[in-house]
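*Asks:* Have a look at the structure that comes next, please.
The values are calculated or read from the model by the stated rules, or taken from the named source; none is laboratory data. As the structure is a prediction and not an experimental result, all values here were calculated from the model. Because the Cβ atoms are built from the backbone with ideal geometry, glycine has one as well, and the counts that use them run over all protein chains shown. Surface areas here come from the heavy atoms of the whole protein model, side chains and all, with no ligands, DNA or RNA. Shrake-Rupley method; radii C 1.70, N 1.55, O 1.52, S 1.80 Å.
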Amino acid sequence: MALQRRNTRNRLTRLGWQFMLIGMFGLLGGSLNGLNLLIVVAAMTLAVLLAQWRVSRSTIESVRVDRRVPSEVFAGKPARVRYQVSNQHRLMPLWLVCLSDQIMRTGADTEATESTDNVPATATETRTIHTGVGLLLPNQATSAYLDLTFERRGRYRLGRWRVSTTAPFALSTAWRESTDEEEFVDVYPRLLNLPRSWRQRLPTKVGNVSSSAHRQGHADEVFFGLREYRRGDSRRHIHWRTTARIGDLVVRQFEQQRRLDICFLVDSYCPASAGENDAAHQNVETAISLAASLVVQLFGGSGSQIMLSVAGQQNETCGGGLSREALRRMLQILARVQTTATPDLDQSLEQVAKAVKHLPDLVVLSPRPLSEVLAADDNQSSLLRQWQQRGRLNWVNLSGRDATNWIAEGSSSKLSDEALHE
């Protein structure tokens with residue numbers, strides 16, 4: 001995103017104003033008293049100020065900046081914002097070039113910290129971050145970057161940014177603002193460490209041969225190899241060319257894939273009175289992070305069919321095979337979900353039921369117990385009772401002991417966004 005050649009501004013610093021006042025005082029005093037030496041000093045002072053003004057303006061007009069922002073990152077993982085800075089002047093070098101940028105979150109409050117010498121800065125809702133270039137020779141280009149760590153999930157916006165300089169004498173500051181479009185970063189939920197037995201807690205035992213997994217039809221059979229004919233084998237599978245070559249009956253062997261029909265439902269319940277540091281808010285954030293961790297762990301499973309549904313201020317459902325785009329879509333939904341005191345679980349379950357032919361196994365990640373939901377609203381819990389009666393419901397209450405069963409010790413997982421680019 002190139003810096004536009006317009007809106008150049010030049011403002012005197014406090015030192016520049018002092019130089020100007022000294023020059024004007026000397027010029028006025030020398031004129032009244034006929035002191036030529038004082039006039040010379042005043043002229044030299046104003047000449048330095050004029051040179052500062054002209055050089056700094058020429059410097060800022062000769063610099064070109066391209067910003068590259070990562071489109072996605074996990075909370076707690078470092079993200080690097082890169083600036084490609086080039087000097088387009090043929091003769092004059094550039095120095096003391098400063099780049100400043102603003103980053104803010106769209107929607108709910110959040111925070112971002114800038115890592116400088118491994119010491120995080122104080123987080124605010126809207127922050128200004130800085131980097132710079134010391135010296136840049138004519139027709140030369142270099143890179144400057146900022147390492148950011150987003151502590152909370154969400155959608156962040158990088159708005160207008162500016163490049164400035166105080167060269168050569170720091171008597172004035174010249175700057176130019178970008179007029180390009182804003183850029184956004186999706187910060188996915190923080191990944192959690194899962195215990196070794198987490199797969200066994202899923203209804204379909206993902207990754208193992210399980211009788212609860214739905215078998216697919218003949219169209220989904222995959223050719224595995226050839227073997228000798230055995231009694232009971234279908235004659236349709238005889239490989240006649242190989243049989244004729246070796247003189248013995250040989251049949252084609254197939255491997256029937258198994259797929260996982262499972263839905264993760266995130267209950268984004270949070271009382272309206274709960275603050276960001278309250279246990280109720282932390283529990284729902286844990287539920288969202290656990291959903292992201294399970295989805296990332298299951299990414300790449302052969303023939304896996306996974307759905308994600310979120311009951312928040314807006315209900316969203318996403319499903320299908322775990323392609324990279326489906327994985328990104330699920331993580332984006334989890335990143336942008338907003339908690340609410342009145343989540344509509346019934347609507348989410350209806351969306352899931354309409355999207356599939358057969359009701360999948362359901363794993364609900366919630367900050368409250370199932371009994372509380374069933375007792376709160378009979379209409380909302382009707383579909384929940386259907387899943388519960390069929391034995392396809394696994395309710396994970398992250399405000400109770402279930403949290404220790406699903407989350408291993410350690411604050412975050414070693415997994416990163418490499419899963420998105422494999």
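*Asks:* Would you please give the residues with an amide H less than 5 Å from that of Asp344, counting only those at least 5 places away or on a separate chain, with H modeled from the backbone geometry?
*Replies:* Close amide H contacts, sequence-distant or interchain: Gly312.
*Asks:* Find out how many positive minus negative residues lie around Leu359, taking Lys and Arg as positive, Asp and Glu as negative, among other residues whose Cβ is under 13 Å from that of Leu359.
*Replies:* Here the charged neighbours net out to +2.
*Asks:* Heavy-atom accessible area of Met92 with all protein chains present, probe 1.4 Å, nearest 10 Å²?
*Replies:* Using a 1.4 Å probe on the heavy atoms, I get roughly 40 Å².
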